[in-house]
Amino acid sequence: MLSAPLQTSCPRRLIALSDSSAAVARATEWIRGLASEGGVAWFGTRIPPGVDGVQPAQAAHWLGRELDALVFETGRDLPADALAIAAGLLRGGGVFLLLVGSPAPTPFAHRLQRFLQEDIVEWPDADVALPAPRPIRRGGRLRLNAGQARVFREVVELPARDEGSSVVITAPRGRGKSTLLGALVGHWQTLGDFDLRVTAPNPAAIQPLLAGWVSPSGPQRRRGRGISDVYVAPAQLLADRARPDLLVVDEAAALPVHRLLALAQVAPRVVFATTTAGFEGSGRGFRLRFLEALRQRGHRLREFRLERPVRWPANDPLEDWINRLFLLDAEAEPAVSGRQPAGRMRWVSGDRLERDERRLAAVVGLLSDAHYRTRPSDLQRWLDGPGWHVGLLEPVGGGPLLGVVLARSEPGLDPVLARAVWRGERRPPGHFLPCVLAGHGSLDAARRPALRVARIAVHPQWQRRGLGTRMLRAVQHFARRQGFAMVGASFGARPDLLRFWNAAGFRTLRIGFQRETTSGLHAAVVLRGLDARARDELRLLRGQVAVDWPIWRGGPLRALESGTASAVQQDLPAPQWHGALADAESILGFADAGRPFELALPALFRWLEADAGVLDRLPVRDAHLLAAALRDLRDWPELSILAGESGRAGVIRALRRAVRVVLQSGLSSASQRA
């Protein structure tokens with residue numbers, strides 16, 4: 001199984017046609033002519049009958065497939081993530097045909113046009129036949145190349161190692177990670193009385209592993225179960241409290257950190273495998289945060305990385321083109337040794353930044369390292385998105401970039417929209433901070449524009465020297481000049497990050513009630529008012545948050561890390577209740593509109609606490625549900641059982657009905673007394 005290397009395949013070809021009815025007909029005839037042999041697809045909105053295809057927004061559903069030829073429509077607004085996905089599906093010797101539309105005049109569109117003029121991109125004349133793919137078919141069982149075989153030999157003995165051992169396997173896309181995992185799992189399945197489990201973000205994520213399973217052979221091998229028999233969803237694995245002998249976690253970077261840390265406790269030996277670059281994004285957060293957290297918890301880690309491609313040849317021109325187009329391999333520039341240089345802040349537009357390739361790569365490298373995941377579409381969004389501002393902290397005498405901040409203008413909400421956001425009926429994109437303010441009841445503050453810091457990064461060599469705080473001061477000066485009322489940010493809440501932002505004068509307003517899927521943390525929202533009016537509005541709002549905080553902490557935020565909760569508590573001001581009328585309005589908004597449960601919960605809690613007769617106006621089952629949710633602050637699984645509902649949405653509907661019944665009965669009683 002390990003001795004025969006894979007044969008090196010031919011380079012992939014990139015063909016481009018200017019999108020037109022004639023070009024579509026030409027591409028259709030070409031792809032249909034290849035469809036009988038399989039391995040072809042069309043990515044776009046004009047999929048010909050009889051040809052497999054997918055809309056760009058659904059491209060991730062095709063993960064695990066391998067193609068020899070495909071047509072991709074760039075459209076007017078390039079679907080960047082889908083393009084990176086499609087390129088990763090094409091085997092060596094395959095042909096990637098781009099139908100190039102007329103793009104909008106944006107910085108990233110200019111970048112794409114420049115890349116389309118490179119030598120790798122072939123623009124065949126109308127009378128020239130489109131090329132056929134030249135794939136090399138793999139015969140018989142899959143084989144491991146030298147790099148895969150080396151890792152196999154190192155990892156295959158993991159079941160015999162001491163408990164507490166973990167293996168980490170990382171690889172860029174196309175390096176045969178799934179084939180290697182299939183070989184390992186196939187071998188471990190022959191070990192007889194050995195409990196093995198495989199998990200991943202979803203069942204589709206292990207399809208490449210299924211395809212890569214190298215079945216053991218030989219008269220001494222005992223027949224094991226199929227891989228599909230050992231897959232368990234992460235949530236089920238944790239809920240069942242199973243303890244297998246060995247756990248394999250595939251595409252680990254797509255799971256939130258808190259879930260990965262929980263999975264690390266499931267088995268005495270764990271293999272974490274993930275793709276670290278490509279359509280999923282950089283995956284650097286997996287390395288920078290999760291692995292560091294594992295080490296801090298005492299796990300013994302052995303790390304392996306696959307470098308040699310197996311799906312296409314080394315130095316494949318299409319892979320290089322995609323990586324450079326989206327700067328997937330960008331890293332921070334090497335810093336010059338010596339004293340920290342003096343720096344100055346400069347704000348640049350996306351158009352100007354796109355024309356400076358070296359500086360753009362340095363910006364993307366810093367931002368990628370500072371964030372859990374960076375997707376190909378992020379570069380496109382930063383360059384083209386309306387209202388984005390890029391601040392560069394550059395050394396005065398020239399040299400590597402010291403830091404970068406990415407901020408976005410967020411217009412205020414008009415009064416009608418602000419009220420709709422408060423009621424839970426609207427959530428307009430591009431207005432994150434105004435929506436947070438409106439949701440917490442500060443409708444006046446929500447009407448004023450805010451500047452949101454989306455990312456901030458300091459060069460690794462110059463961190464913890466005050467540069468981040470200096471950049472935040474520059475952001476505030478910039479925001480004042482531009483007429484913003486507030487500056488704010490949202491990030492995965494950790495004690496050190498909260499302390500950093502609080503020390504810079506930003507006050508904690510909110511902790512998200514669910515964990516983020518990327519960081520695995522609850523999201524913190526911090527704000528700073530830039531004028532007296534904004535500071536007063538924020539002070540009043542935070543006073544009410546301080547009143548509500550103990551209720552949230554005892555209920556939806558009960559699992560919040562104690563260090564984070566302590567940092568929030570220390571930053572909150574003295575409680576300042578907004579009064580019974582504000583509570584009544586929130587209760588009515590929950591009962592009669594779509595006001596989110598968690599935002600209405602403190603008012604509902606105080607209502608039930610103040611009026612013991614509320615529960616007497618309900619049937620027994622509804623009274624038990626209301627008491628459990630509002631007084632006892634029970635969690636959703638228990639509430640689902642009490643409500644006879646299958647999930648959170650059904651429970652909330654039942655709670656709204658019960659509150660509505662109580663309010664209507666109260667009005668009826670008052671009317672009768674009158």
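The values are calculated or read from the model by the stated rules, or taken from the named source; none is laboratory data. Quick caveat, the model's predicted, so the values are computed rather than measured. Please note: Cβ atoms are built from the backbone with ideal geometry, for glycine as well, and neighbour counts cover all protein chains shown. Heads up: the accessible areas ignore ligands, DNA and RNA and are worked out on the full protein's heavy atoms, side chains in. Shrake-Rupley method; radii C 1.70, N 1.55, O 1.52, S 1.80 Å.
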Residue among His522, His578 that is at pLDDT below 95 and in contact with a Leu (Cβ under 7 Å, 6 or more places away or on another chain) = His522
ask   = Are any of the residues in segment 474-487 in a strand (DSSP E or B) and buried (at least 21 other Cβ atoms within 10 Å of the Cβ)?
value = yes
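Given the options Ala69, Ala60, name the one that is surrounded by fewer than 20 Cβ atoms within 10 Å (Cβ to Cβ), touching a helix residue (DSSP H, G or I) at 6+ places or on another chain (Cβ under 9 Å) and not in a loop (DSSP other than H, G, I, E, B).
Ala60
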note = Restricting attention to segment 488-501, the residues that are open to solvent by 30 Å² or more (accessible area, probe 1.4 Å) and part of a helix (DSSP H, G or I) number exactly 5
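Any idea which of Leu615, Leu663 is in a helix (DSSP H, G or I), over 26 Å from His440 (Cβ atoms) and modelled with pLDDT under 95?
It is Leu615.
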query = Taking interchain pairs and intrachain pairs at least six residues apart, which have beta carbon atoms under 6 angstrom, with the first residue in segment 642-662 and under 19 Å from Asp632 (Cα atoms) and the second assigned to a loop (DSSP other than H, G, I, E, B)?
reply = Val651/Glu645; Ala658/Leu618
message = Quick check on this structure: which one of Pro103, Pro79, Pro49 is of a type outside the set (Lys, Arg), open to solvent by 20 Å² or more (accessible area, probe 1.4 Å) and modelled with pLDDT of 95 or more?
response = Pro79
task = Would you be able to tell me the number of residues in segment 142-198 that are modelled with pLDDT of 85 or more, assigned to a strand (DSSP E or B), of a type outside the set (Val, Ile, Thr) and farther than 30 Å from Asp320 by Cα?
result = 3
inquiry  = Condition first: of a type outside the set (Asp, Glu), open to solvent by 20 Å² or more (accessible area, probe 1.4 Å), under 21 Å from Leu78 (Cβ atoms) and under 34 Å from the mean Cα position of the chain (by Cα). Now tell me which residues in segment 13-46 satisfy that.
reply    = Arg13, Ser18, Thr45, Arg46
ask   = Only one of (1) under 21 Å from Arg542 (Cβ atoms); (2) surrounded by fewer than 18 Cβ atoms within 10 Å (Cβ to Cβ) fails for Leu588. Which number is that?
value = (1)
message = For the structure I just gave you, tell me whether Trp577 is part of a helix (DSSP H, G or I), surrounded by 14 or more Cβ atoms within 10 Å (Cβ to Cβ) and aromatic (Phe, Trp, Tyr).
response = no
ask   = Could we say that Leu379 is touching a Phe, Trp or Tyr at 6+ places or on another chain (Cβ under 7 Å), open to solvent by less than 70 Å² (accessible area, probe 1.4 Å) and either touching a residue at least 60 places away in the same chain (Cβ under 8 Å) or more than 20 Å from Leu83 (Cα to Cα) (or both) here?
value = yes
ask   = Would you call Arg114 surrounded by fewer than 22 Cβ atoms within 10 Å (Cβ to Cβ), in contact (Cβ under 8 Å) with a residue 12 or more places away in the chain and among the basic types (Lys, Arg)?
value = no
note = Being modelled with pLDDT under 80 and surrounded by fewer than 21 Cβ atoms within 10 Å (Cβ to Cβ) narrows Arg324, Arg339, Arg295 down to just Arg339
task = Kindly provide the set of residues from segment 552-572 that are within 23 Å of Pro596 (Cα to Cα), crowded, with 16+ Cβ neighbours inside 10 Å and of a type in the set (D, E, K, R), ordered by number.
result = Arg553
ask   = So which residues in segment 502-553 are among the hydrophobic types (A, V, I, L, M, F, W, C) and under 20 Å from the mean Cα position of the chain (by Cα)?
value = Ile511, Phe513, Leu521, Ala523, Ala524, Val525
remark   = Within segment 621-641, the count of residues that are touching a Leu at 6+ places or on another chain (Cβ under 6 Å) and touching a residue at least 60 places away in the same chain (Cβ under 8 Å) comes to 0
inquiry  = Among the residues in segment 598-620, are any touching a helix residue (DSSP H, G or I) at 6+ places or on another chain (Cβ under 8 Å) and surrounded by fewer than 16 Cβ atoms within 10 Å (Cβ to Cβ)?
reply    = yes
Filter result (open to solvent by 20 Å² or more (accessible area, probe 1.4 Å), assigned to a helix (DSSP H, G or I) and at pLDDT below 95) within segment 453-473 = Pro460, Gln461
request  = Might you check whether a residue that is open to solvent by less than 70 Å² (accessible area, probe 1.4 Å) and without any contact (Cβ under 8 Å) to a residue 24 or more places away in the chain occurs anywhere in segment 299-308?
outcome  = no
key: Residue under evaluation Phe506, criteria (1) free of Cβ contacts under 8 Å to residues at least 40 places away in the same chain; (2) open to solvent by 30 Å² or more (accessible area, probe 1.4 Å), criterion not met   = (2)
message = Please pick out the residue among Arg653, Arg595 that is modelled with pLDDT of 95 or more and surrounded by 13 or more Cβ atoms within 10 Å (Cβ to Cβ).
response = Arg595
request  = Restrict the check to segment 131-139 and report whether at least one residue is buried (at least 19 other Cβ atoms within 10 Å of the Cβ), part of a loop (DSSP other than H, G, I, E, B) and touching a Gly at 6+ places or on another chain (Cβ under 7 Å).
outcome  = yes
query = Do you know which of the residues in segment 510-551 that are in a helix (DSSP H, G or I), of a type in the set (A, V, I, L, M, F, W, C) and over 16 Å from Asp444 (Cα atoms) is most open to solvent (accessible area, probe 1.4 Å)?
reply = Val547
ask   = Within the set of pairs 6+ apart or on separate chains, which have a first residue in segment 590-605 that is over 14 Å from Gly512 (Cβ atoms) and touching a residue at least 40 places away in the same chain (Cβ under 8 Å), a second that is open to solvent by less than 10 Å² (accessible area, probe 1.4 Å) and part of a loop (DSSP other than H, G, I, E, B), and C-beta atoms under 6 Å apart?
value = none
remark   = Picking from Ala603, Ala582, the residue that is part of a helix (DSSP H, G or I), within 23 Å of Trp636 (Cβ to Cβ) and over 32 Å from the mean Cα position of the chain (by Cα) would be Ala603
Matching residues in segment 396-420 - criterion: being touching a residue at least 24 places away in the same chain (Cβ under 8 Å) and open to solvent by 60 Å² or more (accessible area, probe 1.4 Å) = Val396, Gly397, Pro411, Asp414, Pro415, Arg419
message = Let me spell it out: the conditions are (1) part of a helix (DSSP H, G or I); (2) surrounded by 21 or more Cβ atoms within 10 Å (Cβ to Cβ), and Ala628 meets all of them except one. Which number is the exception?
response = (2)
